[in-house]
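The values are calculated or read from the model by the stated rules, or taken from the named source; none is laboratory data. Nothing here was measured: the structure is a model prediction, and the numbers come from that model. Quick reminder, even Gly has a Cβ in these numbers, built from the backbone with ideal geometry, and neighbours come from all protein chains shown. Note: accessible area is taken over every heavy atom of the protein model, side chains too, but ligands, DNA and RNA are not part of it. Shrake-Rupley method; radii C 1.70, N 1.55, O 1.52, S 1.80 Å.
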2 protein chains.
Amino acid sequence: MSQTKAKSSVGIVEPQSAYFDEPLLLACGRELAGYELVYECYGQLNAEASNAVLICHALSGNHHAAGYHSEDDRKPGWWDAYIGPGKPIDTERFFVVCLNNLGGCHGSTGPTSINPDTGKPWGPDFPPLRVRDWVHSQKRLAERLGITCWAAVIGGSLGGMQAMRWALEYPDMLQHCVVIASAMKLSAQNIAFNEIARHAIQSDPDFADGHYLEQDSVPAQGLGLARMVGHITYLSDDAMAQKFGRDLRRGTLDQGDENSVEFQVQSYLRYQGSQFSNRFDANTYILMTRALDYFDLAREYGDDPVEAFRRAKCSFLVISFSTDWRFSPQRSREIVDALIAADRPVSYCEIEAHEGHDAFLLPLPRYMEVFDAYMQRVGVSD
Amino acid sequence: MSQTKAKSSVGIVEPQSAYFDEPLLLACGRELAGYELVYECYGQLNAEASNAVLICHALSGNHHAAGYHSEDDRKPGWWDAYIGPGKPIDTERFFVVCLNNLGGCHGSTGPTSINPDTGKPWGPDFPPLRVRDWVHSQKRLAERLGITCWAAVIGGSLGGMQAMRWALEYPDMLQHCVVIASAMKLSAQNIAFNEIARHAIQSDPDFADGHYLEQDSVPAQGLGLARMVGHITYLSDDAMAQKFGRDLRRGTLDQGDENSVEFQVQSYLRYQGSQFSNRFDANTYILMTRALDYFDLAREYGDDPVEAFRRAKCSFLVISFSTDWRFSPQRSREIVDALIAADRPVSYCEIEAHEGHDAFLLPLPRYMEVFDAYMQRVGVSD
């Protein structure tokens, strides 16, 4: 961590952990007897506990949203551009909480944890989760931290789904809901891409029907492929063109041996895929993509999003990105339309950005301005 | 084949085959000593041999473009909607030739053929091919059939690339060039999707570094996955939504056991994937996608498509489809712009269609009208 970094950084942070021994009834009907949640906090909770902000992570995210884990740490948390002193989620004003979701693979109870009933890793037997299960478990963490109402619940992509579900499940427990690059439900195309990702994992012989940990193996090829599919769909065609064009990594097109020739995008994708399989758990990836696929905001409200949002009491900020084709601006406008029809206060901004879905993670000036302006309006002492 | 079908059908057709023993020098620098091409013909070649039309197939196509192979045949050739008596490619006027490309797996010499030097299947050792190699081998077939100039060379997608390459390699050998849903080169995103397809195949243990035939195995999982990826990208998001929505195949979302629940799109994709792996060869799929990736119309013309098209002497019809995101209308407009700048006669039509890239195979009224009107202008006795 350099001095420059440190200036607007939350600095060195230490993950914390909370164990909950009260059983959690899940949407699937099964019950989790107890579970651990790993989380990080940035900033100070004020005396009224009115300045707390919850950050909900997306598919492959975790609790490490900002700061560094050590002096030698080269990369900050995944949303460090937006969380810190003077940043949109200003840690001089807010007490920021980010947790690794239940079912995750970065410390919270999930498929890699030991199932107390068997003494073996849960693996594929970990109960399927829905977005609401995360919201329910996050509520317990709020209680544990002495937070009765969030100043804001914020999330991008799958995180935005959690933020919206918070507004419906616990309408009195949040003042603001920030939904970035998200959707009320996935399109068939989105589900299809997730299906390919799962199929790639499940058809890797090293997956062993999900029991790979017991066999001391990892379905690296399948998980790598899944990540490659995801990666392409998170980038826009334009962004890929700008990033790689058709540049060759080595060799020339004229050579007879094709194995000596590669496009940059190919080696990049293979690298991304193999890196991901080192740091992520395959069962967790399956679990998370299924939670995405099954999310349907309005299903229990007669499939009427207006009816659903009538339950909400908070204000909303909805942000989309022009070249995001996985969670297109059209999906965000549907959220906004439903909020307006339900008479809920909503601000909406479509950011011109060529980076596709990935834009929500990046420090883009316009996005930062809009986000910052909105967060300035979030009161911390009401 | 029903009576109704028969009315506008070319009827029962029989594939033919031609063996060429003159060595073919390939773009990669290697030489193919001899090769066989399987093809079908529909209609009658006229006395001047001036009414011949060449159909170039796409990635997974073959020589069986129209008609039926037997009375019991339930499905006609892949472009039967466009080839036949009274259809846009009217077999009462034209003599239509469609071949399985070199490197294919439907009868022409390719990776599944026996390498005379080893007595074993070529497998992964089959020489890599470029679009120009196909054009060169197609020219020899033309000569064999007594055709010195095609009335038209026609192709969609990868087939359109062949049609364009024909116009540059043998400018005196075609009167018209019809380029449907194609591009002068792939985008990085397109290459990335192909890379995922290849990676899926190559990481299937049954692929055995491409020598699966010798081991009497088939990389069915990998090839199935590759097809699933392709299939999604050939359909528009809208088309998938219309086809499947988020309908469940069975089970309900509330059940705890996720394996009892599937979205229709999931079972559809798995079915498509497994069907494809029964009828297509994995090494051929790799070879074909590489030919796609490496195609770059203007590379040898100083990367200037205008300079490239100045070689052409034929007239062009370019067609694109509004929701085709794999070969978007923008790519077709680039072809048209270059043709205009090169002073070549060109007609262009962007067809409103919600089917994505797959639209080029489908009998859409507007597409049919435009195609038919253009083909009426194609002279057969000049």
*Looking at (1) within 24 Å of residue A:191 (Cα to Cα); (2) crowded, with 22+ Cβ neighbours inside 10 Å, find the lone condition where residue A:316 falls short.*
(1)
*From the residues in the range B:175-202 that are facing chain A (nearest Cβ under 9 Å) and not in a helix (DSSP H, G or I), which one is surrounded by the most Cβ atoms within 10 Å (Cβ to Cβ)?*
B:186
*Only one of these conditions is not met by residue B:274: (1) crowded, with 21+ Cβ neighbours inside 10 Å; (2) within 30 Å of residue B:222 (Cβ to Cβ); (3) of a type outside the set (Phe, Trp, Tyr). Which number is it?*
(1)
_I'd like the full set of residues that are over 19 Å from the mean Cα position of the chain (by Cα) and among the polar types (S, T, N, Q), limited to the range A:113-154._
A:113, A:115, A:118, A:148
*Please enumerate the residues belonging to the range A:34-47 that are buried (at least 19 other Cβ atoms within 10 Å of the Cβ) and either among the hydroxyl-bearing types (Ser, Thr, Tyr) or more than 21 Å from residue A:166 (Cα to Cα) (or both).*
A:35, A:39, A:42, A:43
_Among the residues that make up the range A:327-334, is at least one of them in contact with a His (Cβ under 8 Å, 6 or more places away or on another chain) and within 25 Å of residue A:101 (Cα to Cα)?_
yes
_Give all pairs with beta carbons closer than 8 Å in which a residue from the range B:163-181 that is closer than 14 Å to residue B:149 by Cβ meets a residue that is charged (D, E, K, R) and not in a helix (DSSP H, G or I); count only pairs at least 6 apart in sequence or on separate chains._
B:167/B:311; B:167/B:313; B:171/B:311; B:171/B:313; B:172/B:313; B:175/B:382
*Would you check if residue B:373 is outside any loop (DSSP other than H, G, I, E, B), over 22 Å from the mean Cα position of the chain (by Cα) and either within 22 Å of residue B:149 (Cα to Cα) or hydrophobic (A, V, I, L, M, F, W, C) (or both)?*
yes
*Just checking, how many residues over the range B:203-260 are buried (at least 16 other Cβ atoms within 10 Å of the Cβ), at pLDDT 85 or above and either part of a loop (DSSP other than H, G, I, E, B) or basic (Lys, Arg) (or both)?*
9
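Let's see how each residue does on (1) small (Gly, Ala, Ser); (2) open to solvent by 30 Å² or more (accessible area, probe 1.4 Å):
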site: A:26; (1), (2): no, no
site: A:32; (1), (2): no, no
site: A:49; (1), (2): yes, no
site: A:57; (1), (2): no, no
site: A:64; (1), (2): no, no
site: A:71; (1), (2): no, yes
site: A:79; (1), (2): no, no
site: A:100; (1), (2): no, no
*Counting just the residues of the range A:9-24 that are touching a Gly at 6+ places or on another chain (Cβ under 7 Å) and assigned to a strand (DSSP E or B), which one comes out surrounded by the most Cβ atoms within 10 Å (Cβ to Cβ)?*
A:20
*Residues that are open to solvent by less than 30 Å² (accessible area, probe 1.4 Å) and under 27 Å from residue A:167 (Cα atoms), drawn from the range A:106-125*: A:108, A:109, A:110
*Looking at (1) modelled with pLDDT of 95 or more; (2) of a type in the set (D, E, K, R); (3) touching a Ser or Thr at 6+ places or on another chain (Cβ under 9 Å), which is the only condition residue A:382 fails?*
(1)
*If a residue has to be closer than 30 Å to residue B:47 by Cα and either within 20 Å of the chain's Cα centre (by Cα) or modelled with pLDDT under 95 (or both) to count, how many in the range B:340-370 make the cut?*
1
*Here are B:113, B:108: which of them is among the hydroxyl-bearing types (Ser, Thr, Tyr) and under 28 Å from residue B:11 (Cβ atoms)?*
B:108
_With the requirement that a residue be within 9 Å of chain A (Cβ to nearest Cβ) and either in contact with an Asp or Glu (Cβ under 6 Å, 6 or more places away or on another chain) or of a type in the set (Ser, Thr, Tyr) (or both), what does the range B:203-212 give you?_
B:203
*asked:* So, in the range B:132-174, how many residues would count as being among the aromatic types (Phe, Trp, Tyr) and either open to solvent by 10 Å² or more (accessible area, probe 1.4 Å) or outside the structural domain of residue B:83 (by the TED database) (or both)?
replied: 1
*Please specify each residue of the range A:127-173 satisfying the condition of being over 24 Å from residue A:332 (Cβ atoms) and in a loop (DSSP other than H, G, I, E, B).*
A:127, A:128, A:129, A:145, A:146, A:147, A:148, A:149
_Take residue A:215 and tell me if it is among the polar types (S, T, N, Q) and more than 9 Å from chain B (Cβ to nearest Cβ)._
yes
*Assess whether residue A:181 counts as being assigned by the TED database to the domain that holds residue A:313, touching a helix residue (DSSP H, G or I) at 6+ places or on another chain (Cβ under 6 Å) and at pLDDT 95 or above.*
yes
*asked:* Being open to solvent by less than 10 Å² (accessible area, probe 1.4 Å) and touching a strand residue (DSSP E or B) at 6+ places or on another chain (Cβ under 7 Å) is the requirement here; does residue A:348 meet it?
replied: no
_Considering only the range A:312-322, I want to know if a residue exists there that is in contact with a Gly (Cβ under 8 Å, 6 or more places away or on another chain) and over 17 Å from residue A:56 (Cβ atoms)._
yes
*In the list B:287, B:269, which residue meets the criterion of being modelled with pLDDT under 95 and either open to solvent by 10 Å² or more (accessible area, probe 1.4 Å) or in a helix (DSSP H, G or I) (or both)?*
B:269
